[in-house]
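Derivation of every value follows stated rules applied to the coordinates shown; laboratory data play no part. Fair warning: this is a prediction, and the values are worked out from it, not measured in the lab. All Cβ positions, even for glycine, are placed from backbone atoms using ideal geometry, and neighbour counts span all protein chains on display.
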Amino acid sequence: YYICMFAYIILFVSSMTINPFSIAYIASALITLGLMVFLFVKRKESLSTYVYMLLTCTAVWSFFYGLELGSSNSEDIRFYVQIEYAGICLLPVFYLFYILEYTGREKHLNTSLYPLFFITTDRQKYLEKSRGST
């Protein structure tokens, strides 16, 4: 699935219009990925999994937003927005999990409640579409 997704991206990147905004967002995603690798290799103590998830969501959001800004085809833009939305949706969830863990309140993080956070974000997407906003 991921190989097909990246093949699709590579095929349509050639039809992009390069502009300073798209370059800035794509560079930001690459810097974020570099920071993830640096933190993983040079860490002296274990970092929270949620830090890596936050950085991953930020990189996905930034990278695909840069591709969206550079695209001129509406079909490509819709495809990029769908992938970009995963990063946008999951960012606040993992941020909340990280804050609870950092402040020592991870006991409030009951694993049976995890699906509730993801269902809530998906419901929010449905509500926004039903109101007609994009």
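Trypsin sites (Lys or Arg not before Pro), restricted to the range 30-72: which are DSSP loop and have at most 16 other Cβ atoms within 10 Å? Can you show the working numbers first?
Details: sites: Lys42, Arg43, Lys44; in loops: Arg43, Lys44.
Here the trypsin sites (Lys or Arg not before Pro) that fit, given the DSSP loop and packing criteria, are Arg43, Lys44.
How large is ³J(HN,Hα) for each residue in the range 63-74, as worked out from phi by the Karplus curve 6.51 cos²θ - 1.76 cosθ + 1.60 (θ = phi - 60°), to whole Hz, x for Gly and Pro?
Result, ordered by residue: 5, 6, 5, x, 5, 4, 5, x, 7, 10, 8, 5 Hz.
Could you please report the charge total around Leu100, scoring K, R as +1 and D, E as -1 over all other residues with beta-carbon less than 14 angstrom from its beta-carbon?
Numbers: positive: Arg105, Lys107; negative: Glu101, Glu106.
That sum, taken over residues with Cβ under 14 Å, equals 0.
Under a point spin-label approximation (7 Å from Cα along Cα-to-Cβ), what is the Phe21-Glu75 distance to one decimal in nm?
About 2.4 nm separates the two model spin labels.
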